[in-house]
Amino acid sequence: LRETCRAAIDSGVFAGVWIGLRDPSAEELRFSESIGALLPPAGDGKVDVALPGLDFPALAEPALREREVLVHADLSAFLSPGATEAPAEAGIVCAAVAPLAMGRNVFGALAALAADEEFFGAEETNLLSNLAADLSFALDDVEKRKQLHYLAHYDTVSSLANRALLAERIGHFVQEASRSGEALALALMDLERFGAINDSFGRSAGDELLRQLGDRLREHFPSDHLARVGMNTFAVLFPRIREFLRVAGLVEDRLRAVFAKPFEAGGRVLNLSARFGISVFPADGEDVEALLRNAEAALRRAKAQGERFVYYEPALNANVAERLDLENRLRFALREEQFLLYYQPKIDAASGKVEGLEALIRWKPPDADPVSPGMFVPILEETGLILEVGRWVIHEAAKTYASWYRKYGAETPRIAVNVSALQMRRPDFAMDIVTLAEKAGAHNGLDVEITESVVMQEIELSTNALARLREVGVRIGMDDFGTGYSSLSYLARLPMDLLKIDRSFIASMMSNPENMEIVAAIVSMAHALKLSVVAEGVETQQQLDKLKSLDCDQIQGYLVSPPVSARAIERLLWGERAPSA
């Protein structure tokens, strides 16, 4: 459009040129481009600034209606509402307008301006008509090219990418993964019973179903990660992943939302389900065709074996099945309240007095052996269940503290709960802890422990959230200190009360002089920053004696007590005063 205006002006014939295109959604003419010695700059294209006082859409409307070039020698009938300057004051006294059209489709107007009222003769009008015809052809060609590009790269039913565009995108992500060293997964999804739906309710119902599915998939996955590659086969890309066993979990989580509500097609309410075949770059192929071929092979196995998810690499399937089973069991455990809290004392290294307790989550399914926290806590974090479980931990610990406080008063030790990175990122993190504690009646009885790595990931967010907690009396501990990369300058800024030296240093300090020096340095540094120090994993008297000599404040570990139930803690702390059953 800009080049057309420039060509018209460079011809030396017209004083100014204006182009407007019809907005399909509003069925009205909108400013697109203008140029000319007598015209101000076009600005950002959002307003008509081609000429003060002249209403170009109104000027163009007669030519669009008559579908021919029209000359207007009197412009006074086309002034903009509230115009303070007439076109003649800017040196423009007449105009000619040519419609932009292809066939019966009129989609815009080309207006030429002149400073001479006798300007537009047959030659000038013919020039404008030819210019409009050339521009119409070019715009129509651009639109057709867009349509051809869409048809070549997109599925017209679901509006998702087709197999050709998917292959291009896989190639792009493969190159990216090759540079970053991360993995890329391709999941092919096959809708079950789709052929029966088509046969029973007709193709129009099947197409409507595919349109609805395309819309729902876009709600839960980025659109450039999706494609329709067969009649009832869809593809989902998972780029930039580090743990490909999590792909099945990610698909499971999001598909729960995609398929949660029934679909409506052919006047019927339909429930859909799907099976998946998954291939992973680079293990299952280093190019586009290999990944597609192997994902299709995995999908065939999934349908043949009746499995929901099948990886191309058979060895992975058992791991995936085990992991998904664990996820489902965790969700059930949360609903059925199968979690419980154990407590481990922290004692003063010099006096042996219990200074606090750490609440530790345990899972004991009623029909199975206890599950190690090392197995289920990472899955809670990866699935986001840690948010709900974390709130339960906080509330349960607060209830326990409140119950003890009513019985034993000021003798009740404070209880520390661990929080995850997901919990920390929530804007209501600090207020949520305070609210849960107050609801249980614990008020000022809870502490928070957070790992060094979590704090350092988002230092500003951590600082602000933890500062709000300290303002209401919650003490803050940094857990597993020494395993991350804390900067001393950041550590000095953080609102901390204590550091917990990671158990790996305590376990080896008696046999490893370097670790002994690290422990001594941490204690010295913490005291310089006015922080208390807790040594985790203390199991021998020799370790305790050495920690005393290093002036370590508190210890925690099996030498004192393993994590035990709330009732066992009562007996440990209050002896005969505690309930016997």
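The values are calculated or read from the model by the stated rules, or taken from the named source; none is laboratory data. From a predicted model like this one, the values you see are computed outputs, not experimental measurements. Please note: Cβ atoms are built from the backbone with ideal geometry, for glycine as well, and neighbour counts cover all protein chains shown. Keep in mind that these areas ignore ligands, DNA and RNA; they rest on the heavy atoms of the full protein, side chains included. Shrake-Rupley method; radii C 1.70, N 1.55, O 1.52, S 1.80 Å.
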Revision key, fill the gap. For the chain, whose charge dipole is built from +1 on Lys and Arg Cβ atoms and -1 on Asp and Glu Cβ atoms, the candidate among Val538, Gly249, Tyr150 with its Cα farthest towards the positive end is Val538
Revision key, fill the gap. Over the chain, with neighbouring protein chains present, the accessible area per residue in Å² at probe 1.4 Å is 48
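Ignoring ligands, DNA and RNA, what percent of the accessible area of segment 233-382 is carbon or sulfur (1.4 Å)?
Details: 3480 of 7170 Å².
C and S atoms contribute 49 percent here.
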Exercise for review: Just check segment 472-581 against the gyration tensor rule for me: Cα atoms, a ≥ b ≥ c as the square roots of the eigenvalues, rounded for a/c under 1.5, and otherwise prolate or oblate depending on whether a/b exceeds b/c.
Suggested key: oblate
Check your understanding: Along the Cα-to-C-beta direction of Ala283, a point sits 7 Å from the Cα; which residues of segment 345-380 have their amide N less than 18 Å from that point?
Key -> 379
**Study point:** Dipole magnitude of segment 211-271 about its Cα centre (Cβ charges: Lys, Arg +1; Asp, Glu -1), debye to nearest 20
**Key:** 20
Review point. Given labels modelled 7 Å from the Cα in the Cβ direction, how far is it in nm from Lys303 to Leu461?
Key: 4.2
Revision key, fill the gap. A chain fully extended from Ala290 to Ser403 at 0.36 nm per residue, minus the present Cα-Cα distance, gains in nm 34.5 nm
Revision key, fill the gap. Per the rule of 0.36 nm per residue minus the C-alpha distance, extending Arg67 to Asp134 adds in nm 22.5 nm
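Restricting to DSSP H runs of at least four residues, report the calculated mean residue ellipticity at 222 nm for the chain, -39500 (n - 2.57) per run over all residues, nearest 500 deg cm²/dmol.
That comes out to -14500 deg cm²/dmol.
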Revision key, fill the gap. Given backbone amide H placed at 1.01 Å from N, residues whose amide H is under 5 Å from that of Asp447, ignoring those fewer than 5 places away on the same chain, are Ile415, Ala416, Val417
Point to revise | Neighbour count of at most 12 Cβ within 10 Å plus DSSP loop: longest chymotrypsin sites (Phe, Trp or Tyr not before Pro)-free window in the chain | key: 1-484
Check your understanding: Give me the log10 of I(q) over I(0) for segment 275-385 at q = 0.15, 0.16, 0.24 Å⁻¹, as the Debye formula computes it from C-alpha points; what are the numbers?
Key -> -0.79, -0.85, -1.18
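Size of the dipole of the chain about the Cα centre, Lys and Arg at +1 and Asp and Glu at -1 on the beta carbon, nothing else charged, in debye to 20?
Details: 61 positive and 84 negative charges, 564 e Å.
Using Cβ point charges on Lys, Arg, Asp and Glu, the chain gives about 2700 debye.
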Exercise for review: Can you pull the one-decimal nm distance between simple spin-label points at Ala196 and Thr435, each 7 Å off the Cα toward Cβ?
Suggested key: 4.6
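Working out 0.36 nm times the residue gap between Leu151 and Asp367, then minus their Cα-Cα distance, what length gain in nm do you get to one decimal? Could you put the intermediate results ahead of the total?
Details: separation 216, 0.36 × 216 = 77.76 nm, distance 5.59 nm.
Residue separation times 0.36 nm, minus the Cα-Cα distance, leaves 72.2 nm.
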